[in-house]
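A short worksheet on the structure shown next.
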Amino acid sequence: MSRIKSLSYIVAQVRNLESWRHYAEEVLGMMTTADADGTLRVKMDERPFRMLVQEGDADVYWASGWELGGEEDFEAMLHHLATSGVSYEMGSKALCVSRGVQAVAMITDPSGNRHELTWGHISDCQPFVSPQGVPRFITGDMGLGHTVLPAPKFDECLAFYRDVLGFRHSDIFNFQPGPDADPVRIHFMHCGNARHHSLAIAEYDVPSKCVHVMVEVDDMTEVGRAHDRRAAHGVPLSATLGQHLNDKMTSFYMKTPSGFDLEYGWGGLQVDWDQHSVFEFNRVSVWGHDFSVGQRGEAE
């Protein structure tokens with residue numbers, strides 16, 4: 001099992017920071033605060049933030065923050081990176097303050113995706129009170145949710161996540177874009193928690209540098225309410241409501257102000273990995289999840 005416990009946070013960049021504040025509060029139902037340097041902190045549980053949004057010249061996903069269990073695991077990971085020939089950069093004191101951790105090491109995968117390895121998060125002991133009345137998001141020791149990253153250098157990335165960072169397969173999907181086209185690989189991977197997957201890698205690139213991020217609520221009604229808020233605020237729909245075959249999540253997808261998609265779901269599978277067998281599935285969903293609406297750019 002990976003020394004990495006969970007997806008602790010994500011970092012996004014956007015040209016218009018106010019668009020993310022509005023989206024987070026009015027559509028996602030999360031709390032926001034702005035740092036003195038202008039960074040927006042998006043809070044969805046008892047931690048000070050789970051999403052950091054910084055202003056920049058492009059709307060993109062910036063980095064994935066992965067939490068290790070403690071200093072010993074962190075130092076062991078740094079040693080493993082060094083012996084594996086993977087370069088890393090230690091974060092400055094200012095970066096540690098920004099991320100609210102004891103230490104952070106920055107690495108890049110073979111496809112250029114940025115990652116921040118951390119330990120020892122700082123808690124402000126403040127409760128989550130949703131501006132839209134969302135009772136809670138499913139986080140805790142399973143982290144924020146999951147992220148799906150582009151991996152055009154697929155084989156190199158798979159080896160990196162498996163052999164260097166210690167992720168393990170949950171299951172496999174080979175997407176067939178056409179009857180005569182080569183399959184496009186999407187592999188789902190887990191780390192040190194019960195969430196079906198904290199990471200997936202897809203064998204293609206996207207301009208936003210992230211395929212999607214998933215957040216999970218504990219009641220299907222909250223998915224429906226979020227869907228209504230999305231429509232009311234004109235947020236483009238990326239995929240209709242549906243239930244995935246592999247992780248059993250009932251969800252819909254919508255665009256974020258940073259250009260990547262966000263999956264808002266309920267009922268995700270939690271797995272006893274000692275009892276799990278990796279499998280390949282041949283359809284994305286049991287029902288629903290029409291992704292063609294996103295290709296047509298529909299808001300409803």
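The values are calculated or read from the model by the stated rules, or taken from the named source; none is laboratory data. The shown structure was predicted, so the numbers you read here are calculated from the model rather than taken from an experiment. Note: ideal-geometry Cβ built from the backbone for every residue, glycine included; neighbour counts use all protein chains shown. Surface accessibility is based on the protein's heavy atoms, side chains included, excluding ligands, DNA and RNA. Shrake-Rupley method; radii C 1.70, N 1.55, O 1.52, S 1.80 Å.
Key figures for this structure:
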item: Residues (open to solvent by 30 Å² or more (accessible area, probe 1.4 Å) and in a loop (DSSP other than H, G, I, E, B)) located in segment 212-242; result: D218, D219, H233, G234, P236
item: Subset of segment 240-265 [of a type outside the set (S, T, Y) and within 20 Å of V42 (Cα to Cα)]; result: M254, K255, P257, G259, F260, D261, L262, E263, G265
item: Checklist (1) surrounded by fewer than 19 Cβ atoms within 10 Å (Cβ to Cβ); (2) touching a residue at least 12 places away in the same chain (Cβ under 8 Å); (3) among the hydrophobic types (A, V, I, L, M, F, W, C) applied to L40, failing item; result: (1)
item: The lone exception for V293 - which of (1) modelled with pLDDT of 95 or more; (2) out of contact with any Gly (no Cβ under 8 Å at 6 or more places or on another chain); (3) β-branched (V, I, T); (4) over 26 Å from A63 (Cβ atoms) it fails; result: (1)
item: Top-ranked residue of segment 174-191 - restricted to ones that are assigned to a loop (DSSP other than H, G, I, E, B) and open to solvent by 70 Å² or more (accessible area, probe 1.4 Å), ranked as modelled with the lowest pLDDT; result: P177
item: Some residue of segment 78-95 being modelled with pLDDT of 95 or more, among the basic types (K, R) and either in contact with a Lys or Arg (Cβ under 7 Å, 6 or more places away or on another chain) or in a helix (DSSP H, G or I) (or both); result: yes
item: Evaluation of R21 against (1) open to solvent by 50 Å² or more (accessible area, probe 1.4 Å); (2) under 30 Å from R168 (Cα atoms) (one fails), failing number; result: (2)
item: Segment 244-271: number of residues that are closer than 19 Å to M220 by Cβ and assigned to a strand (DSSP E or B); result: 12
item: Number of positions in segment 202-234 that are in contact (Cβ under 8 Å) with a residue 60 or more places away in the chain and of a type outside the set (S, T, N, Q); result: 21
